[in-house]
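All remarks here apply to the structure that follows.
The values are calculated or read from the model by the stated rules, or taken from the named source; none is laboratory data. Since the model is a prediction, treat every value here as computed from it, not as a measurement. Because the Cβ atoms are built from the backbone with ideal geometry, glycine has one as well, and the counts that use them run over all protein chains shown. Surface accessibility is based on the protein's heavy atoms, side chains included, excluding ligands, DNA and RNA. Shrake-Rupley method; radii C 1.70, N 1.55, O 1.52, S 1.80 Å.
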Amino acid sequence: MGSGMSIVYDSASYDIAKDVASDLGLGDADTVGIEKTQFKDGEFKLRFSKPVLHDSAVLIMRMYPNVNDNIIELLFALKKLKDMGKRIKLVIPYLAYARQDKEFLEGEVASIYVLGDIMAHYGVEELISIDIHNSVIISRFGTKIRNLSAIGPLAKELKPLMPEDNALVLSPDEGAIDRSSAFAEELGAAYTYLKKHRDRVTGEITTDDKSIDAEGKGVVIFDDMIATGGTVINAARIARASGASKVVAVCTHALLLNGAADKLKESGVDEIISTNSISNAFAKVDVSRLISEALRNDA
Ligand code: R5P
């Protein structure tokens, strides 16, 4: 059996793999889970639960949480697929390390490109990901990238929750201007932005104080990701100080580290909306449909 497509997935991505397979009309024999056994010394071994029937294999993996372990798992799985002689596509909904796209301080490693080189080494034909932190990496990555956007489905999810004709999209930093303005357009809302600074040594975030035209408005803070929440918290405080009647934080990738969700609420955020690129309690947009549409277009 050669034509068709096998979906291979790690245990953390079962939900996405199942929905993608169902959207594409694939059956049980076309989906292959990877079982992981961890040893006491931290090493682990992988086992594909059944044969990979088709020549084309789509490996779906969530990279977060346990990013570094998952990179090792990715290497092992790619090696196996390469040895089987498969044509490999890789789906990583949230591409970790994308923020380390250059040497910010002298001597640092631009880590994201290491991942591209590894994928190229194992013959990955294409990496499919979603709202990659900085699209500048795409042309320099060692492997072809297809960067899907969750802006449309996130805007659709948000629209009924916002006051009609009275919403303002707020980009919490200059780096998010392009995606926030695209989100505002999708929403049919006005748009503005803040200036943020990150101390590259301590990681501390500061945002320039600025009064925004938010009196009585529903403010949507839009970013690619919420990690510690510091960026959105600063923006939420400014929105509230400017008279916002409601504040919603929307992102594609919600890591929500160290109690970030509670801290966001304390800073004035009424709601958080994200995709399920990372499993979390606020994931209201399912990325499976985006992925299956991308794969269907290939067929
Ligand atoms: C960086 O510029 C990203 O777009 C996010 O703004 C940032 O990573 C969010 O991190 P945190 O939630 O820790 O402020």
* Asked: Of the beta bridges DSSP finds with both residues in segment 157-231, what % are antiparallel, to the nearest 5?
  -> 25
* Structure fact -> Cα-Cα pairs in segment 1-79 separated by more than 19 Å, as a whole percent of all pairs, come to 35
* **Subset of Lys102/Lys284; Lys210/Lys246; Lys144/Lys196; Lys89/Lys195 violating a 27 Å alpha-carbon distance limit** => Lys102/Lys284; Lys144/Lys196; Lys89/Lys195
* Compute the semi-axes of the equivalent ellipsoid of segment 104-207, taking the square root of 5 times each eigenvalue of the Cα gyration tensor, and list them largest first in whole Å. => 31, 21, 9
* **Degrees, to the nearest 10: 14-23 long Cα axis against longest axis of the chain** => 80
* Structure fact -> With Cα coordinates, the longest principal axis of the chain makes an angle with the long axis of helix 112-121, in degrees rounded to 10, of 20
* Asked: Percentage of Cα-Cα pair distances in segment 177-299 greater than 23 Å, rounded to whole percent?
  -> 34
* Structure fact -> Note: His197 to Asn66 extended length (0.36 nm per residue) minus current alpha-carbon separation gives 44.4 nm
* Structure fact -> The alpha-carbon pair-distance distribution computed for the chain, with 10 angstrom bins and whole-percent values, is 6, 27, 32, 22, 11, 3, 0
* Structure fact -> Rounded to a whole %, the carbon-and-sulfur portion of the accessible area of segment 36-77 at a 1.4 Å probe is 53
* Helix 177-187 versus the longest principal axis of the chain: what angle, 0 to 90°, nearest 10, using Cα atoms? -> 80
* **Range in the chain, longest, excluding exposed GluC sites (Glu not before Pro) [loop by DSSP; at most 14 other beta-carbon atoms within 10 Å]** => 216-299
* To do: Distance between Cα centroids, segment 1-49 to segment 120-187: provide it in whole Å.
  => 27
* Asked: How much length, in nm to one decimal, is gained on full extension between Glu266 and Asp165, taken as 0.36 nm per residue of separation minus their Cα-Cα distance?
  -> 33.7 nm
* Under a Cβ-Cβ cut-off of 10 Å, what is the net charge of the residues other than Arg179 that fall near it, where Lys and Arg count +1 and Asp and Glu count -1? -> -4
* Per residue, how much accessible area does segment 1-45 have with a 1.4 Å probe, in Å²? -> 55
* To do: Report, please, the projected area of segment 188-260 averaged over directions, based on the convex hull of its C-alpha atoms, in nm².
  => 5.3
